[in-house]
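For reference, the structure discussed in these notes is given below.
Only the coordinates and a few stated rules stand behind these numbers; no lab work does. Predicted model only: the values in this text are computed from it and were never measured. Here Cβ is always computed from backbone atoms with ideal geometry, including for glycine, and neighbour counts include all displayed protein chains.
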Amino acid sequence: MDMDVKTFDDLSELWLQYSGSKDPELKNRILTAYIPLVKKIVRRIMPKYKMYNDSEDLISCGMIGLIDAVDKYDINYGVKFETYATTRIRGEILDYMRKQDWAPSSLRTKINRINHASEALEYKLGRQPTEKEVAEYLHMPGAEYQKVMEKTHIFNLMYFEDMVTDTYFSDKMSDSDESNPAVILQNKEMNRILAELIDALPEKEKLVIALYYYEEMTLKEIAGILKVTESRVSQIHSKVLSRIGYKLKKMI
């Protein structure tokens, strides 16, 4: 059973003791208390990245992130540990998944072609092109286009989640750059750009992003709200991530 917020809050005294002593035994008690958080994050990540079916590997990576979070956390950050730790845990898991190099060069080439075509059509039409228009522009069969987009979902999801995590938490804490004015300005600019890109989305796409990332709803739950199929929500999600990810990469 996952620990609730009240249970996590009950650890405040333990954190105070550990912060002052760095006692290894206290550290182990903290790590044990937050194992359910690691498992919860893995359970949320796995349905997104369906090529991974070994939860134990991801839990092991998550534990590395948890240990790193405990080592680096300062109770004076003004941010709850579980919030800080979630970033470290997710980051460690995503790093591991990215190193598996699941996307062959041929797929990466097709992803880039679709992104370039979408941008060219958006400039030409003065609006966001439909999937059919992009496929026709590339002389790509519709079935092949859909297959690429399904695989692209994972590629873009990793990049976008990294970007959201980095920009969100960069304003809240940093291990070494928190007093560097150049880094602070860069982070604020990235937050501004990301917010503008999301705000410019059509209402339905904006709603999907808001429900998925900020309300932490599943694609199935979002499908129920929008009264469409789960696969349709996945398509919308993939298209948005592809477009935003491509534009972000060009800006940074």
Distance in nm between pseudo-label sites at Asp10 and Ser231 (7 Å out along the Cβ direction from Cα):
4.6
From the square roots a ≥ b ≥ c of the eigenvalues of the alpha-carbon gyration tensor of the range 5-99, which class results: rounded (a/c under 1.5), prolate (a/b over b/c), or oblate?
prolate
Approximate spin-label separation Asp23-Leu207, in nm, with each point projected 7 Å along Cα-to-Cβ
5.3
Vicinal HN-Hα couplings computed from phi for the range 69-85 (Karplus, 6.51 cos²θ - 1.76 cosθ + 1.60; Hz; Gly/Pro x):
5, 5, 5, 9, 5, 10, 5, 8, 4, x, 10, 4, 4, 4, 5, 5, 5
Among Lys80/Lys227; Lys124/Lys220; Lys80/Lys247; Lys124/Lys206, which pairs are too far apart, with a Cα-Cα distance over 25 Å?
Lys80/Lys227; Lys124/Lys220; Lys80/Lys247
